[in-house]
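Please treat every number below as a calculation from the coordinates, not as lab data. What you see is a predicted model, and the numbers here were worked out from it, not measured in a lab. Cβ atoms come from the backbone with ideal geometry, glycine included; neighbour counts cover every protein chain shown.
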Amino acid sequence: MKTGARATPARRGAIASIALLVVFLAAWQWGPDLLGVPSFIVPPLSSVAAEFVRAWQVYHLPLHTGVTVAEVLAGFLLGSLLGALVGYLLGMSPTAELALSPYILALQIAPKVAFAPLFILWMGFTVYPKILVAILIVFFPVMVNVLTAVRNVDPDLINLARAFKASRAQIFWRIEFPSSMPPMFAGLRIGSTLAVVGVVVGELVGGNLGLGYLLTFGEGQANTPLVFVSIVMLTLVGGIAYLMVILVERRVLHYLPARGSGQGG
Amino acid sequence: MSVIRLEYRNVTMRFADAKGEGALTAVRGVSFAVYDAEVVSLIGPTGCGKSTLLNIGSGLATPSEGAAFVDGERVAGANAHVAFMLQKDLLLPWRTVAENVMFGVEIQGLPAKECKRRAQALLANFKLAEFSGHYPHQLSGGMRQRAALARTLAVDPHVLLLDEPFSAVDAQTRMLLQRDLAQTLNQANKTALLITHDLAEAVTLSDRVLVMSRRPGTIIDEIKVEIPQRDNPIARRREQKFNDYVAQLMDRLDIAHVALEHEAAS
């Protein structure tokens, strides 16, 4: 049926995608040399790969990756939990939203990563400032999406439940909460990638652990391949975080009409 | 005379207008009664307060004056003897059809087994049994409206309040839904108040039609529909009298005149 009709363009897209990757990797390997770019500016793929192995053995790459992953996870979970909680509370209390909205807006406009040095002053070179930046940065997209979703629930649906004599808690758990799921997951997707940004900025500013630290360490030694290794690893961490959200979303929102494979971002 | 199921006694409803000053009277001094197992339609121009009356009957709105009564009891807040159905199916997209049908009984705290039993029975009755595990988006508009009707009936209400339940579906589907509704109401001996814009629908489905004036809405006429076979709207449509009733309603609503006014205004 539908899937049959879509199979051809989807497969063509996948093949083109893989071809592009091969072209990109080839360009990375041989491009710099052909264009006369020195390897300390853009190291070829092979030297980045070699540096990856060295970083794994010498620079404790698994440890740094593990620390970053843990910080991202903690920041993302706490930030989204807090964002959802505040989103629901404000969504159910228009007065609270009106009172708090200017401050929320101000905090939303303020560049969260600029708080990183401040948090390090407060909490030292620990993992906590990094997690806190991630929490702050993840909080907003989740909160705003949940708030809007709760606001936009069809009042007739609420009336339907009220006509069946639903309690406030029943209205929340049976209507408002499930209605907020699709927008909340849109917020979580954004949050999952932003969490990595928050953590990295924290690590760049101070500390001696994490991929952000490894990146500045490589920079200090003019070790461009190590900088590239760190960037690749960070991209991987962000990508996996995003993928995890998508996987959970698919399970939770299984009832939604199937969307094209290209969508979702 | 049989028992009165639903009654409006001198109901007036005023809303504060947009500026918050003064009041807009939606309905004024509305009194009527719907008897047991009777189907009554309410027709009138847009904005005459028909839906306001429905909200008052279901306890979602409190009238400024007067009151609604269900089974002789004054309506104060939502009540288990009344169930309503709107033009929108209001099916929850994350629930299967069966779970949607169970929505009301579940909230009312019936045991899960009984909820399931009622849902299965109603779905079978509405020829939706094989779709009980489907999600609403997988159904056609007509099937969704039937599921919504099943949800309304699942709570076994004494009175059904129907607000233009079929106005969002195509003409053919509407006739089939009207037939399903008529048969169900007849079999279950349910009392219903039907709000509609569709004069033909009012005549085919009801025992009586109440005509409302423009805002502030009052009841200006009552027409008894004396065509047999209230459980068979399609047969009713073929009767000669059917057209006479529709024509009579058109006259009462002054439709030709209103249309001219619209043209003059534009």
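Taking the number of other C-beta atoms within 10 Å as the exposure measure, put A:GLU219, A:GLU97 in order starting with the fewest.
Working: A:GLU219 14, A:GLU97 17.
Lowest count first: A:GLU219, A:GLU97.
Within 13 Å, Cβ to Cβ, of B:ILE107, how many net charges do the neighbouring residues add up to if Lys/Arg are +1 and Asp/Glu are -1? If you can, show how the numbers build up before the last one.
On the way: positive: A:ARG162, A:LYS165, A:ARG168, A:ARG174, B:ARG95, B:ARG151; negative: B:GLU99, B:GLU106.
Counting the neighbours of B:ILE107, the net charge comes to +4.
Taking 35 Å as R0, compute the FRET efficiency from the Cβ-Cβ separation of A:ALA49 and A:ILE246 and round it to 0.05. List each step's numbers first, then the result.
On the way: r = 28 Å, r/R0 = 0.80.
That gives a FRET efficiency of 0.80.
For the residues A:ARG250, B:ARG5, B:ARG230, what sequence is obtained by ranking on other C-beta atoms within 10 Å, fewest first?
Details: A:ARG250 12, B:ARG5 23, B:ARG230 19.
Ordered by Cβ neighbours within 10 Å, fewest first: A:ARG250, B:ARG230, B:ARG5.
Using Cα atoms only, what is the angle between the long axis of helix A:211-220 and the major principal axis of chain A, expressed in degrees (0 to 90) to the nearest 10?
Roughly 30 degrees between the two axes.
Of the listed pairs B:LYS127/B:LYS224; A:LYS165/B:LYS116; B:LYS88/B:LYS113; B:LYS50/B:LYS241, which have alpha-carbon separations greater than 24 Å here? If you can, show how the numbers build up before the last one.
Details: B:LYS127/B:LYS224 32 Å; A:LYS165/B:LYS116 20 Å; B:LYS88/B:LYS113 28 Å; B:LYS50/B:LYS241 26 Å.
From the list (B:LYS127/B:LYS224; A:LYS165/B:LYS116; B:LYS88/B:LYS113; B:LYS50/B:LYS241), the Cα-Cα distance tops 24 Å for B:LYS127/B:LYS224; B:LYS88/B:LYS113; B:LYS50/B:LYS241.
Sort out for me the Cα centre separation of region B:10-73 from region B:185-235, rounded to whole Å.
Here the answer is 17 Å between Cα centres.
Pop a pseudo-label 7 angstrom from the Cα along the beta-carbon direction at both B:ASN243 and B:ALA78 and give the gap in nm to one decimal.
Between B:ASN243 and B:ALA78, the simple spin-label model gives 4.7 nm.
Going by how many other beta carbons lie within 10 Å of each one, how would you line up A:SER230, B:SER2, A:SER101, fewest first? Don't jump to the answer; show the numbers that get you there.
Details: A:SER230 30, B:SER2 9, A:SER101 13.
Lowest to highest Cβ neighbour count: B:SER2, A:SER101, A:SER230.
Where q = 0.08, 0.10 Å⁻¹, what log10 of I(q)/I(0) comes from the Debye formula for the protein assembly as shown, counting one point per Cα?
Here the Debye-derived log intensity ratios amount to -0.71, -0.92.
For chain B, give the share of DSSP beta bridges that are antiparallel, in percent and rounded to the nearest 5; count only bridges with both residues there. Walk me through the intermediate numbers first.
Details: 21 of 39 bridges.
Of the beta bridges lying entirely in chain B, close to 55 percent run antiparallel.
Helix A:177-205: angle to the longest alpha-carbon principal axis of chain A, degrees 0 to 90, nearest 10?
30
In whole percent, what relative contact order does region B:87-156 give with Cα contacts below 8 Å and a gap of six or more residues? Please report the intermediate quantities before stating the final value.
Numbers: 79 pairs, mean separation 34.3, N = 70.
The normalised contact order for region B:87-156 reaches 49 percent.
Mind listing the Cα extents of chain B along all three principal axes, in Å, largest one first?
Taking the Cα atoms of chain B, the three principal extents are 55, 45, 45 Å.
Contact order normalised by length for chain B, with contacts defined as Cα pairs under 8 Å and 6 or more residues apart; what percent is it? Intermediate results must be reported in sequence, preceding the final value.
On the way: 520 pairs, mean separation 62.8, N = 266.
Once divided by the residue count of chain B, the mean separation gives 24 percent.
Output the antiparallel fraction of DSSP beta bridges having both residues in the protein assembly as shown, as a percent to the nearest 5.
Numbers: 21 of 39 bridges.
Within the protein assembly as shown, antiparallel bridges account for around 55 percent of the total.
Checking the a/c ratio against 1.5 first, then a/b against b/c, what shape does the Cα gyration tensor give for region B:66-209? Mind showing how you got there, number by number?
On the way: a/c = 1.77, a/b = 1.10, b/c = 1.61.
Here region B:66-209 falls in the oblate category.
With 17 Å as the cut-off, how large is the P(r) tail for region B:128-173, expressed as percent of Cα-Cα pairs? Intermediate results must be reported in sequence, preceding the final value.
Details: 406 of 1035 pairs.
Percent of Cα pairs beyond 17 Å in region B:128-173: 39.
Which FRET efficiency value, to the nearest 0.05, do you get for B:ASP170 and A:TYR103 by plugging their Cβ-Cβ distance into 1/(1 + (r/R0)^6) with R0 = 56 Å? Spell out each step's value before the answer.
Numbers: r = 51 Å, r/R0 = 0.91.
Efficiency, from the Cβ-Cβ distance: 0.65.
Compute from the Cα atoms of chain A the Rg and the Dmax, the latter being the longest Cα-Cα distance, and quote both in angstrom.
Calculated on Cα positions, Rg and Dmax stand at 22.7, 75 Å.
What value does region A:6-90 have for Rg/Rh, both radii from Cα atoms and Rh as Kirkwood defines it?
For region A:6-90, the value is 1.21.
How far apart, in nm, are the 7 Å Cα→Cβ label points at B:PHE69 and A:PHE125?
8.3
Using the Cα centre as the reference, give the magnitude of the dipole from point charges on the C-beta atoms of region A:98-178 (Lys, Arg: +1; Asp, Glu: -1; all else neutral), rounded to the nearest 20 debye. Before the final figure, lay out each step's value.
On the way: 7 positive and 3 negative charges, 33 e Å.
Using Cβ point charges on Lys, Arg, Asp and Glu, region A:98-178 gives about 160 debye.
Let's test the formula: R0 of 45 Å, r as the Cβ-Cβ distance of A:ASP154 and A:ARG12. What FRET efficiency results, to the nearest 0.05?
Values: r = 40 Å, r/R0 = 0.89.
The value I calculate is 0.65.
When the dipole is taken about the Cα centre of region B:112-266, and only Lys, Arg (+1) and Asp, Glu (-1) are charged at their Cβ, what size is it in debye, to the nearest 20? Working shown, then result.
On the way: 21 positive and 20 negative charges, 173 e Å.
Rounded to the nearest 20 debye, it is 840 debye.
Along the positive direction of the dipole of region A:44-252 (beta-carbon charges: Lys, Arg +1; Asp, Glu -1; about the Cα centre), which of A:LEU147, A:ASN159, A:GLY206 reaches farthest?
Positive-most Cα among the choices belongs to A:ASN159.
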